[in-house]
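The structure appears below as structure tokens.
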Amino acid sequence: MVNKTASEMKFTRAIVRTPCRNMNKGLTSSNLEKPDYNNALEQHHEYIKALKYCGLEVTVLPADERYPDSAFVEDTALLTPHCAVLTNPGAESRKGEVAIIRDTIADCYKRVETIKPPGTVEGGDIMMVGNDFYIGLSGRTNEAGANQMRRILRHYGMNGITINVNEALHLKTGSSYIENNCLLLTKEFRKEPKFRLFEQLEVSSDEAYAANSVWINERVLVPHGFPKTKALIESAGWETVVIDTSEFRNVDGGLSCLSLRF
Ligand code: CIR
């Protein structure tokens, strides 16, 4: 396995969706406060600015009140350099989010594949490392979905590698690839045998939320309020861009899930 180096890797576009007022009805496993909608809109606006600062052209889709979690667009698709894959979210209330993003993705990709029931996949479970895609087997992504995803990836000359996720919501809730063979991860994934050849930066347990940081074109977006993780990423040589996502965190959302980058 040869990982692409950061200099070869470049994203040019992103898709986001404006959060809806019903976001306070989003799925959550936490006892945190309900999100404040106006703050969430402000934070989302800053997030878009940060994506643009990283050089991305951003498509902003409208809020859709039917789907409280629909700002978390990452879960609805996997966008690779060779094809797009529409997912089938494991969460019942989120399945309809795929239909409302399909046309946007079809405008961007000639080849669009689909995960079909009984397979379920959420994009937050898929971590791209060059040509290799680590697929978390989680409460949202099942074996059948992972097998379909691996077949699709193989068809386009890419690889899918499964990873068991027992504690985190998604694989990328607890791990992020920040290029140059370097993984940012929580304790849950520290001993994962399939990650042993990576340089590993372990996020301190009181900053676990920041394990979901996002590398984009020589910069790394880091959530606000996690100074040790920010310093760790800077020690790996990257400029960090700090974004406040506290309102999204209240409904289990991290930085990466707010966009699809390609
Ligand atoms: C959910 O539970 O589906 C949403 N409330 C949060 C989704 C976060 N997505 C992600 O980390 N990729």
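Roll a 1.4 angstrom probe over the protein heavy atoms and tell me the percent of accessible area of the chain that is carbon or sulfur.
48
Name the residue from Leu221, Ser29, His170 whose Cα lies farthest towards the positive end of the charge dipole of the chain, charges +1 on Cβ of Lys and Arg and -1 on Cβ of Asp and Glu.
The residue sitting most towards the positive pole is His170.
Would you mind working out the magnitude of the charge dipole of the stretch 18-60 relative to its Cα centre, with +1 at each Lys and Arg C-beta and -1 at each Asp and Glu C-beta, to the nearest 20 Debye?
120
Taking only protein heavy atoms into account and a 1.4 Å probe, give the accessible area per residue of the stretch 1-133 in Å².
Here the residues of the stretch 1-133 average 47 Å² of exposed surface.
Quick one: Karplus J couplings for the stretch 170-181, per residue in order, coefficients 6.51, -1.76, 1.60, θ = phi - 60°, nearest Hz, x for Gly and Pro?
Once rounded to whole Hz, the list reads 10, 3, 7, 5, x, 7, 9, 8, 10, 6, 6, 6.
Starting at the first residue of the stretch 63-75, write each ³J(HN,Hα) from the Karplus equation 6.51 cos²θ - 1.76 cosθ + 1.60 with θ = phi - 60°, in whole Hz, x for Gly and Pro.
Using θ = phi - 60°, the values come out as 4, 10, 5, 6, 10, x, 9, 6, 5, 8, 4, 4, 6 Hz.
Quick one: what Rg and Dmax do you get for the stretch 61-129 from the alpha carbons, in Å?
Computed over the Cα atoms of the stretch 61-129, radius of gyration and Dmax are 11.5, 34 Å.
If packing is taken as the average count of other Cβ atoms within 10 Å, what order do 221-229, 46-54 fall into, highest mean first?
Descending mean neighbour count gives 221-229, 46-54.
Among the aspartates and glutamates, which fall within straight-line cross-link reach of Lys116, defined as a Cα-Cα distance under 19 Å, with same-chain neighbours fewer than 8 residues apart omitted?
Filter leaves Glu74, Asp75, Glu92, Glu97, Asp103, Asp125, Glu143.
Please state the relative contact order of the chain as a whole percent: Cα pairs under 8 Å, 6+ residues apart?
24
How much space per residue, in cubic angstrom, does the convex hull of the C-alpha atoms of the chain take up?
Output value, Cα hull per residue: 112 Å³.
If you count, for each residue, the other Cβ atoms within 10 Å and average over each peptide, how do 211-217, 73-79, 87-93, 110-116 line up from highest to lowest?
73-79, 211-217, 87-93, 110-116
Report the far tail of the P(r) of the stretch 63-174, meaning the percent of Cα-Cα pairs longer than 26 Å.
Values: 634 of 6216 pairs.
Above the 26 Å cut-off, the stretch 63-174 has 10 percent of its Cα pairs.
May I ask for the percentage of alpha-carbon pairs in the stretch 1-108 that lie more than 16 Å from each other? Could the numbers behind the result be given before it?
Values: 3711 of 5778 pairs.
Everything past 16 Å amounts to 64 percent.
The values are calculated or read from the model by the stated rules, or taken from the named source; none is laboratory data. The model shown is predicted, which means the values in this text are computed figures rather than measured ones. A quick note on method: Cβ atoms are made from the backbone with ideal geometry, for glycine too, and the neighbour counts reach across all protein chains shown. The accessibility values were calculated without ligands, DNA or RNA, using every heavy atom of the protein model including side chains. Shrake-Rupley method; radii C 1.70, N 1.55, O 1.52, S 1.80 Å.
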